[in-house]
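Peer 1: Here it is, the structure, as C-alpha cells.
The values are calculated or read from the model by the stated rules, or taken from the named source; none is laboratory data. Computed from a predicted model, the values in this text were never measured in an experiment. As a convention, Cβ positions derive from the backbone with ideal geometry for all residues, glycine included, and neighbour counts pool all protein chains shown.
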Amino acid sequence: MKFVDEATIHVKAGDGGNGCVSFRRERFVPKGGPDGGDGGKGGDVILQADVQLGTLLDLTYPKQFRAQKGSHGKGKDQTGKKGENFIIRVPVGTLVRDDQTEELLQDLLFDGQQFVVAEGGRGGRGNARFATPMLRAPRHAEKGEKGREHWLRLELKLLADVGLIGYPNVGKSTLLSRISSARPKIADYPFTTLVPNLGVVNQGDHRPFVVADIPGLIEGASKGAGLGLTFLRHVERTRLLIHLLDISEGPPRDPVKDFDSLNHELEAYHPSLQKKTQLLALNKIDLPSVHERAPGIKNQFEKMGHSLFLISGQTGEGTKELMEAVSLTLESITDPS
Ligand SMILES: Nc1nc2c(ncn2[C@@H]2O[C@H](COP(=O)(O)OP(=O)(O)OP(=O)(O)O)[C@@H](O)[C@H]2O)c(=O)[nH]1
Ligand SMILES: [Mg+2]
C-alpha cells in the first residue's frame, strides 16, 4: 500500500433546488391557489474519520468531490428531494485546513467523527409560501441557494502513544513485531521501512498503547538526507519516544554520538520533539559482541543521566521490562502534547 500523508482536494456541496411556481387546477374550481413546493436542500460534503484507513492515497485522484443537488420543488405543494450527502473517508488523525489561509478547520481524532466541510444550499421557497391576503396568486418563487465550495488541504498525522525512533537497521520494526501483532517488513539493509507502521501493545494490568515505527533517521535528515524528516510528523503527536540504539556493526558505531546526532535532528525538525520524554534502549543484546560491550555503554549513559535498557527485539530479552517502563511513563505523563 502506498503511503500518502498530504492531499489537496476540492469539495462542492449540492445546490439547493429551486422553488416552484404552480397553481392548483381542480375541476369546478376556476381559480386554484398557488401550490408550488419548495426546492430540496443540496447535499453536504462530509469528512469522516475511519480507523481502517492508514493513508490519504485515495484522495489524490480524483481530487474533486461533489454532493448531489436538491431537486426542484413541484406543483401540488411537493417539496423537492434533498440532495444526498457525499461522505469522504479519511484516516483518523487527519487535519483539515483551508488551502488558501492554512487555517486549521478540524482535527479528526476518533473513528466515525464527522465534519461538514461544505454545506449544501438551501432549497428556494415555492410560490405557495408567498401567498398573502393581499397577494393571493404570487407568480414568483426563489431560486435554490448555491452549495458551498472550498479547496482543502488534508494532512495526516498518525495518532500513537509511543514513537519508535533510531537509525536505519537498528531493529525498530523487529521490536514492533515482538511487542505487538503488527508484522512490518524486516530486513538486513537500511531503509526497509518506508511507511510508518502502527502496532497495539497489550500490557496485562496496564492500558493498551499504540506504537508507531517510522522509517530510519540519519544524520543530516533535517536537510533531507536519507528519507528526510517528513515521517517525523507521525511521532509529533506521541507522548513518549523509544530511542533505539545499535552497536552490532562494531566500534566505529558510537552510541552516544548516534544518540546526540539524532536528537539534534529532532530538534532541527521541531524543538517540541526534542523535549519529549525518551526511553533509551540498546538493542541486539543477544549478540555476544553487543553483550560484552553493553555494561560499559550503560555506564556511559548513566553518567550522562540517562538510564539505558538492554534488550533484544529478536529474542525478547529485556523487552518486557522496557514495555513495563513505557506503561508507567505513559501513566505519569498527562499532557498529550
Ligand atoms: N541479532 C539481532 N538482530 C536483530 C535484532 N533486531 C533486529 N535485528 C536484525 O537487524 C536487521 C534490521 O532490523 P529491522 O527491524 O528491519 O530494523 P529497522 O530499524 O526497522 O530498519 P529500517 O526500517 O531500515 O530503519 C534485521 O536483519 C534484523 O533481523 C536483535 O535484537 N538481535
Ligand atoms: Mg524498519
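For every residue, the table says whether it meets (1) assigned to a helix (DSSP H, G or I); (2) surrounded by fewer than 15 Cβ atoms within 10 Å (Cβ to Cβ); (3) free of Cβ contacts under 8 Å to residues at least 12 places away in the same chain.
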| site | (1), (2), (3) |
| --- | --- |
| S272 | yes, yes, no |
| I285 | no, no, no |
| E302 | yes, yes, yes |
| S312 | no, no, no |
| E331 | yes, yes, no |
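Peer 1: Restricting attention to the range 172-186, and to residues there that are within 8 Å of ligand 2 (Cβ to nearest atom) and more than 24 Å from the chain's Cα centre (by Cα), which single residue is nearest to L241 (Cα to Cα)?
Peer 2: Among those residues, the one meeting the criterion is T174.
Peer 1: Something else: Let me confirm something: among R207, R148, which residue is surrounded by fewer than 23 Cβ atoms within 10 Å (Cβ to Cβ), over 23 Å from the mean Cα position of the chain (by Cα) and either away from ligand 1 (no atom under 14 Å from the Cβ) or of a type in the set (V, I, T) (or both)?
Peer 2: R148
For (1) at pLDDT below 90; (2) under 30 Å from P288 (Cβ atoms), each residue gets a yes or a no:
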site	(1), (2)
L198	yes, no
V201	no, yes
G224	yes, no
E236	yes, no
R239	no, no
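Peer 1: Do the conditions hold for T334, that is, is it farther than 24 Å from L229 by Cβ and at pLDDT below 95?
Peer 2: Criteria met by T334.
Peer 1: Does G226 qualify as being outside any strand (DSSP E or B), away from ligand 2 (no atom under 16 Å from the Cβ) and surrounded by fewer than 20 Cβ atoms within 10 Å (Cβ to Cβ)? First the steps, then the outcome.
Peer 2: On the way: outside any strand (DSSP E or B): yes; away from ligand 2 (no atom under 16 Å from the Cβ): no; surrounded by fewer than 20 Cβ atoms within 10 Å (Cβ to Cβ): yes.
When the stated conditions are applied, G226 does not pass them.
Peer 1: Suppose we filter the range 34-71 for residues that are of a type in the set (F, W, Y) and at pLDDT below 85; how many remain?
Peer 2: 1
Peer 1: Further, regarding this structure: Hey, which of the strands (runs of 3 or more DSSP E) in the range 1-88, taking only ones fully inside, have at least 1 residues that are crowded, with 23+ Cβ neighbours inside 10 Å?
Peer 2: So the answer is 6-12, 45-50.
Peer 1: I'd like the full set of residues that are assigned to a loop (DSSP other than H, G, I, E, B) and within 16 Å of ligand 2 (Cβ to nearest atom), limited to the range 127-171.
Peer 2: Those that are assigned to a loop (DSSP other than H, G, I, E, B) and within 16 Å of ligand 2 (Cβ to nearest atom): L158, A160, Y167, P168, N169, V170, G171.
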